[in-house]
Every structure is written in structure tokens, then in C-alpha cells.
Amino acid sequence: MADIIKLLPDHVANQIAAGEVVQRPASVVKELLENAIDAGATTIILIVKDGGKVLVQVVDDGSGMSATDARLSFERHATSKIQKAEDLFNLDTKGFRGEALASIAAIAHVEMQTKPEADELGTVLKIEGSKIVSQEVEVMTKGTSIAVKNLFFNIPARRNFLKSNQVELRHITDEFHRVALAHPSIAFHFHNNGSEMFNLPISNHRQRIVNVFGSKTNPKLVPVQEETQVVKISGFINKPEFAKKSRGEQFFFVNHRFIKSPYLHHAVVNAFEGLIRSDTHPGYFLYLEVDPASIDINIHPTKTEVKFDDEHTLYAILRSTIKHSLGQFNVIAALDFEQDQNLETPYAYKNRNAELPKVTVDAGFNPFQETTRKQSTGNSYRRESALGGKAWESLYVGLESKVGKEQSLDIIQFESEAITGSVFNNQPQAEESTSTTFQLRRKYIVTTIKSGMVVIDQSRAHQRVLYEKFLKNITIQEAVSQQLLFPIELSFTPADMVILNEIKDSLSTIGFVFGTLEGETIEITGVPILVSESEVGMVLDQLISDYQMEISGESFSQTDMLAKTLAKTLSVKTGELLDSQSQLALVNDLFACKEAQVSPFNKTVYTTITENDIDKKFI
Ligand code: ADP
Ligand code: MG
């Protein structure tokens, strides 16, 4: 029988291996960004065309490569980052396999320009399907630019597997987020189809998070800080009230590398227990630093999983750290402080390292010698309480001034209102009629009912009313649109346009009619009846940002989100003065709702105060 086993030709073997590293354009983005970081860049530019299918380019101002290194970098297992197996246990670079560039070069057209600081001239290399097709010398600045064009040009099956440009762009954006969040000390720029999507200056972690996810993020963040011998934890968790139905802003970084860890995720969720509803997910940005020798990142080709030596300890520390931060935040929230970052806390644990308990025996100990024993316990106790006492005192001072001021304001205003309303007004009050309403502090609408009175939060009530109206419009799919005499033209960023395209259909069902939706402008020829022309821009902005925040959830309903956002954006706000007719209309609309008690965001809409309740106050 003839021999049947053959060695695969190099280019086939390369393509197969490449599939491990490069699944989609986002994988290329990740590898190139990480190489730029490993090269010590301080500014990194990412350029993407058509979801990365046409072009992914990364330009850095890092170390650059000599002509020889440039050629070598495309060989499989060519790496400058490790030399021997032991080095694997001391990694402080992202890459170490020497596989990425070789893999990418096997399945795309690659153009590299690179120059180290010391060299006069740089190298320009062109590679197609693993073959160097040209090498030139050129004048350029220090650093490296790698452009990857026509990904999978030689593997049509893989190319056909790629999703729409929008979906691929979203994967790229996810990778970009992860890298950018891990490295706030590096400036990042991201251009998509010729427009800037992100411009992230060098900053601290908090600013970086806000620059990536928008200024709305800032007030949500609660700082987390802990340092033990095993791990140093820093970063932020989102306040419990911002927990979301969808997962999403959940980031673990270990030694500046984004990782996924269901186990550690569980520790965080566990710490939030009782503070968030069980069907919602907490947001977090947690940066862990551990001894590189205590982790193994070599277990997964795309390197987002990490094996820790002592997972259980890590779990326990993480959980208690988060709990502590939440507790601290709760105390602060209850006191209504603004400046939570700088608050002094009665907490000494953060400066303490985990220590093995020491067992010492006092040879001279005499249980009958009263004085010594008393003294020792007394001392340590006093020290503890002195520390704690001081910090609590400072909390208390804040409480007094803040709450005190608010309250006195309250009383004055309420009294004056009460005086004009009932004491000096000689006209008899039509108190038995249900049509009596008045507005309290431009926030609540008070109306009488048989058993007493109802106090309604005007903004939440209106949200409920609008929400149910929109849902109804969506489900009955009636023509709820008003045609505009003159179409409105609005401009959006490319990232926003991507989202608008995704939610276009749902927007149509609630009554938006689009003329054109191209480039950076959209033309709107019809708007929902409940939306006025002047509100359109604001409504769409809000929709986009809400959609962005919810985007990664799998099981969320687009129409429900749209209805909520519209309700929130268009509702009457606290502080708005309502005439008595509007008050009455709102009250009637509210009680015609299916679920009048809660707002679309599950907040209490009204409370009743019965005659009985009032009587009790007069005992
Ligand atoms: P790895 O990152 O695992 O070492 P790669 O295939 O990603 O493997 O890169 C191979 C080598 O090419 C790197 O070890 C590095 O020496 C060099 N290299 C790649 N990208 C850059 C860059 N942007 N700047 C400088 N050197 C680079
Ligand atoms: Mg690499």
C-alpha cells in the first residue's frame, strides 16, 4: 500500500494556525494594539475601514524595529519578549507567543513601516500571504505603523463568515475599550471610516472610564481600593442603583490585561447581593495587580483567561473589598455627600497587609495580676476607638451642616406655602372634591381622595403615562406620526450613526419617518405625535446613549427601551411649574394607567396619606 500521509505545505499550515489567533478583524486590532503597548508607545492611533474588513491600521510612537527585526517579526515564533520557558512566569508584556504577526501576514495584505529612534531611515515592508513582496527604505519618524488590508483575502470561507460591518465594528470597539481602559497612561485615537470615534488623552483611570463611556458615567462610580500581600485592587464599581438588565460594563484587568473570570465575577455579584435586583447586573472596572509568577496566562490562545495560584483567597478579598466600598458608599449616600472621593473613613484595614496570625506566649503572664491585663486591653481598645472616633466625628459634622441647611429651607418654604394656601385665604376650600390639586415645591402634585390625600411625584407620574402611551402605539402599530412641513436635518458622529442604523426600524414603529440616513446626517420627515419638532434632536441623542449603555445585553427588547427613553426624556421634570389644568390632566392620565404605582424605572410614583395617618399626628 502506498504511503498516504503528507506534510501540509507551509502556507496551508500557516493559514490553519492563523485561524487560532485571528477570528475576525477585532482580533487583529487586539494584537496590533498590544504590540504597540509592548513597544512602549505613548500615543496609539487605530484606523479602521468597513468594520476592519478593508483596513485595520495601528500607528504607534514606540520603539520601532530595525530592518532585520522587521522581517523577522513576521516569522512564526519570532518574539523579542521571551527567550526561555521560565520567562513565561515573569511576563510583563502582552505578547509572548510570536504568533500574531505571522498569523496576520498569512491571511491578509500587510504593510509595515517602522523605525527605531537611533536609525536614520526606516523600513517599509509589504507582505502578502506570508510572502515579502517588497522592502524599501524611507524617511519616517520613530515608531511603527502596521496596516492590515483585505483580511482573509485568501480564505473566502472565513471572509464570508464575517458579520456585517456594524457588528464587526462593535467587536472592534469592545477590544478598543478593553485596551484603552487598561492603559490610561497612553493616549489613544480611533478613526472609523475617516471620522474620529474616540480621542482619549493621557489621564487617570477615572477620567479614562468617563472619556470612553461618556460624562454620565462619572457620578455612577464608587472607588474601590485595597492592598494586601496577595493582591492590590483598585478601580470602580457602579452604584447599585445603576445596575442594568444587561451585562456590559464589567471589566477585570489583571496586571493591565483584560481578563474574563466567571469566578471573580461571582465574587463581585455576591458582594452586591441584597443591594440590586436579582435580574440586574452590577457594573465594575476592577484593576488587580498580582505577582506575575502567581498567574498563568498561557492557557488560552487569545489570552483573556487567567489561572490564579490562589483563587479562593482572591475571591474572598475581592468580595470583602467590594462590600466595604459599597458600605462606605451607602453611608455617604445616606448623608448625601457630594465629595465621596476625599472622605475620611474610619477604616484602617486598607493599609494593612494580610498577615499570618502569630501565636505568642507571654511567659510572665499572671492571671491574678489585675493591673497588667487591664492595661494591655485598655490600650489597644483606646487606639482603635480613637482612630474610628475621629473619622466618624468628621462624618457627623458634614451631616449636621448639610442636612441641617436643607431642612430649615424646607420648613420655611413649606410654611409660607401653607400660610397663603389655607390660613390667610378666606375662601372655603373645596376639599371634598376630587378635582382639587395643588403643586408642592414644583415636585409633587397633591390631590384629595375620599380617605385622605395622594402625593404624586409629577415627573415619575408623567413617565408612566408617556411610557404606556408609547408602548401602546408600538403594539397597535398605528400611524402615530405627524408629517413635517420642512424635514429636519441632524448630524451625528459615525459611532452614533451606526447605532441609529441599528434602531431605525424600531424608531419607525414609534412614528419616526426617515428621509435619508447616510454619511453623518439624517433627514427626518415625520415624528411621533407625542414628540415636538424641537425635541427631536434631544430625544435621538438620549436614545443613542441609552442604547449604547444597554447594547451588550442579549435579551433586551428594543421597543421597551425606546419607550422608556422617550418617557424619561419627554416627561415633565421636577422643578417645572404646572398650571391646575395640567395637574388635573396628569392625575387623571396617571390613574388611567395599567400600573400607576411605579414608574417605568420601578420607582414609586405616589403615596397616599389617609385621614387616619393625619389624625395620628394630632394626638
Ligand atoms: P509577540 O507579541 O507575541 O512577541 P508578535 O507576532 O505580535 O509576537 O510580534 C513579533 C515581534 O515583533 C514582537 O516580539 C516585537 O519584537 C515585534 N513587534 C511587533 N509589533 C511591534 C511594534 N508595534 N513595535 C515594535 N516592535 C514590534
Ligand atoms: Mg504580539
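What to note about this one:
- Links that overshoot a 23 Å alpha carbon limit, given the list Lys220/Lys564; Lys573/Lys603; Lys450/Lys472: Lys450/Lys472
- Protein accessible area in the stretch 255-326, 1.4 Å probe - carbon and sulfur %: 52 percent
- With all protein chains kept in place, the per residue accessible area of the stretch 1-59 amounts to 49 square angstrom at a probe of 1.4 angstrom.
- Rel. contact order, % - alpha carbon contacts under 8 angstrom, at least six apart, the stretch 208-330: 30 percent
- Cross-link pairs exceeding 24 Å between alpha carbons, from the set Lys30/Lys163; Lys126/Lys163; Lys6/Lys30; Lys49/Lys504; Lys504/Lys594: Lys126/Lys163; Lys6/Lys30; Lys504/Lys594.
- Computed with a 1.4 Å probe over protein heavy atoms only, the accessible surface of the stretch 216-297 comes to 41 Å² per residue.
- Computed magnitude of the charge dipole of the stretch 429-533 (debye, nearest 20; Cβ of K, R +1, Cβ of D, E -1): 740 debye
- The stretch 116-178 shape via C-alpha gyration tensor axes, a/c threshold 1.5: oblate
- Fraction of accessible area attributable to carbon and sulfur, the stretch 104-206 (%, probe 1.4 Å): 51 percent
- Accessible surface of the stretch 479-619, 1.4 Å probe, proportion on carbon and sulfur as whole %: 51 percent
- Per residue, the solvent-accessible area of the stretch 477-529 (1.4 Å probe, heavy atoms of protein chains only, all protein chains present) comes to 50 Å².
The values are calculated or read from the model by the stated rules, or taken from the named source; none is laboratory data. Please read all numbers here as calculations on a predicted model, not as lab measurements. Reconstructed Cβ throughout: ideal geometry from the backbone, glycine too, with neighbour counts over all protein chains shown. The accessibility values were calculated without ligands, DNA or RNA, using every heavy atom of the protein model including side chains. Shrake-Rupley method; radii C 1.70, N 1.55, O 1.52, S 1.80 Å.
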